[in-house]
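One structure follows; several queries about it will come next.
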Amino acid sequence: MSDAQLKEQEYVHDVYNEIASHFSETRYKPWPIVTDFLMGQTMGSIGIDVGCGNGKYLAVNPNVFVIGSDRSEGLIGCAHGINSHYNVMVADGLHLPHKDNTFDFAISIAVVHHWTTRERRIAAIRHILSKVKKGGRALIYCWALEQKDSRRGYHIGMDQDVMVPWVLHATPSNSNNSSSNSSSSAKGKKHDHEKPDLTGIEPKDRAAFVTKWKQEREEQRAREKAEQDDLEKKNDDKESTTKYRFYHLYKEGELEEDCLQAGGSIVNHGYEKDNWYVITEKQ
Amino acid sequence: MKFLTTNFLKCSVQACDTSNDNFPLSYDGSKCQLEQDESIEFNPEFLVNILDRVEWSAILQVAADLGNTSLPPNKPIFEDKNSLNEDDMAILRDLHILLIQTSIVEGEMKCKNCGHTYYIKNSIPNLLLPPHLA
């Protein structure tokens, strides 16, 4: 294996298999331009989704036949688990198991940026286009360098080849600390509004009852808080590991250039959700 | 994996592209387990357009691999795609059952050129190559 392949194995393929189920939970909302592209395909046309991940684009248009492939067995397993009608397979984006000049369209959403050299990224786009019929179109998305206002804050002037962390908690359902915090504080508020049940208590005994009740509540809350803290501490300790994925962040105009190098023409291009996209047509 | 998918699957080995034997893959009928999913709805217009994109000889080969030799030797032709008659609909219904509703849930398929075997597990075909073939 070449250095580039080894790097992709360690920082792309292995990581996606490890984070697959957690990653899949965060990927469910189709992006509007991708949806438009798919809905624009005619009844009974056929396409490929290269690097389909958990398959969120495979059922957008029920009137087309889309084959989704991904290098990650873990993600393809997630896709099949989400919808057993998805047409999915495990395959390498540079060795797609399809004949050339076959498909009406292709999409590859947030995938090409994972190849570690420019030659391999262009080869990947060329390979996708090779599977599309003459005049067929491919929609390609890649992460943008220009995303100053995003959570990651990448911007012009930074190195375009980056290692992006993915924090993986041992228990995926509890992985989001902020949400468990907010649920515990909501619980606290609920306690504040609770009142002691005074039915059947003589008026003269009520003050003592309320004091005792307050004390018990206090102790209960202290116990709950201690348990919660323990749980959170355990989650933090328990192999909360950080995995790194390789990304090449595209700068404005670069994806168009790569598509041209790959032999496609540019039909449309733009920026959406921290990504550059191009619709490229096979000549 | 739906039967229809077999029409779009060739061997992943690049060197096999120069051969005509890399498509369709050869399916081991004794090891392939089939399932029919009747919940997938029949859409004649969709299917007619899909048939335009299908290689019929490959459909025949894979069907024969799996023990079905009852298909017509030539791809069905529909005189008027916009007004399908009853006979057309009967043919399309049969094809819907075969191509869309039938899937291979477990099995093996092999390249007729290089002999490499690929596996289908839990309905998912794996076309990745071992490092020495990639």
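The values are calculated or read from the model by the stated rules, or taken from the named source; none is laboratory data. As the structure is a computational prediction, the values presented were derived from the model and not from experiment. Here the Cβ positions follow ideal geometry from the backbone for every residue, glycine too, while neighbour counts run over all protein chains shown. Only protein heavy atoms, including side chains, enter the accessible area calculation; ligands, DNA and RNA are left aside. Shrake-Rupley method; radii C 1.70, N 1.55, O 1.52, S 1.80 Å.
Give the residue from A:Ser21, B:Leu95, A:Ile201 lying farthest towards the positive end of the charge dipole for the protein assembly as shown; charges sit on Cβ (+1 for Lys and Arg, -1 for Asp and Glu) and the dipole is referred to the Cα centre.
The listed residue farthest towards the positive side: A:Ile201.
Quick check: convex hull over the Cα atoms of the stretch A:24-100, volume per residue in Å³, rounded to an integer? Don't skip to the end; give the middle numbers.
Values: hull volume 7.2 nm³, N = 77.
Each residue corresponds to 93 Å³ of Cα convex hull volume.
How far apart, in nm, are two points set 7 Å out from the Cα along the Cα-to-Cβ line at B:Ile40 and at A:Gln215?
Using points 7 Å along Cα→Cβ, the separation is 7.0 nm.
When the convex hull of the C-alpha atoms of the stretch A:23-152 is computed, what volume per residue in Å³ does it have?
Numbers: hull volume 15.4 nm³, N = 130.
Spread over its residues, the Cα hull of the stretch A:23-152 gives 119 Å³ apiece.
Residues with beta-carbon under 11 Å from that of A:Asp258, excluding A:Asp258: net charge, scoring Lys, Arg +1 and Asp, Glu -1? Please list the in-between numbers first.
Details: positive: A:Arg118, A:Arg120, A:Arg121, A:Arg126; negative: A:Glu119, A:Glu254, A:Glu256, A:Glu257.
Surrounding charge for A:Asp258 is 0.
Sequence neighbours fewer than 8 away in the same chain don't count; with that in mind, list the aspartates and glutamates whose C-alpha is under 14 Å from A:Lys212.
A:Asp197
Here's a follow-up. Using only Cα atoms, what is the ratio of the radius of gyration of chain A to 2.2 N^0.38 Å? Spell out each step's value before the answer.
Details: Rg = 25.6 Å, N = 283, 2.2 N^0.38 = 18.8 Å.
My calculation over the Cα atoms of chain A gives 1.36.
Can you give me the Cα centroid spacing of the stretch A:69-124 and the stretch B:1-79 in angstrom?
21 Å
Follow-up. Tell me, Kirkwood radius of the stretch B:1-125 from alpha-carbon pair distances, in Å?
Working: mean 1/r = 0.0653 Å⁻¹.
Result for the stretch B:1-125, one decimal place: 15.3 Å.
Can you sort A:Ser24, A:Ser84, B:Ser26 by 1.4 Å-probe accessible area, starting with the largest?
Values: A:Ser24 15, A:Ser84 75, B:Ser26 40 Å².
Output order, biggest surface exposure first: A:Ser84, B:Ser26, A:Ser24.
Also: For B:Arg53, enumerate residues with amide H under 5 Å from its amide H, sequence gap 5+ or separate chain, H modeled in the peptide plane.
Placed amide hydrogens put nothing under 5 Å from B:Arg53.
Between Rg and the Kirkwood Rh of the stretch A:97-154, both from Cα atoms, what is the Rg to Rh ratio?
On the way: Rg = 13.9 Å, Rh = 12.7 Å.
My calculation of the ratio gives 1.09.
Exceeding 18 Å between C-alpha atoms, which entries from my cross-link table qualify? They are A:Lys29/A:Lys56; A:Lys131/B:Lys112; B:Lys31/B:Lys121; A:Lys99/B:Lys110; A:Lys56/A:Lys273. Don't skip to the end; give the middle numbers.
Details: A:Lys29/A:Lys56 7 Å; A:Lys131/B:Lys112 21 Å; B:Lys31/B:Lys121 11 Å; A:Lys99/B:Lys110 16 Å; A:Lys56/A:Lys273 16 Å.
From the list (A:Lys29/A:Lys56; A:Lys131/B:Lys112; B:Lys31/B:Lys121; A:Lys99/B:Lys110; A:Lys56/A:Lys273), the Cα-Cα distance tops 18 Å for A:Lys131/B:Lys112.
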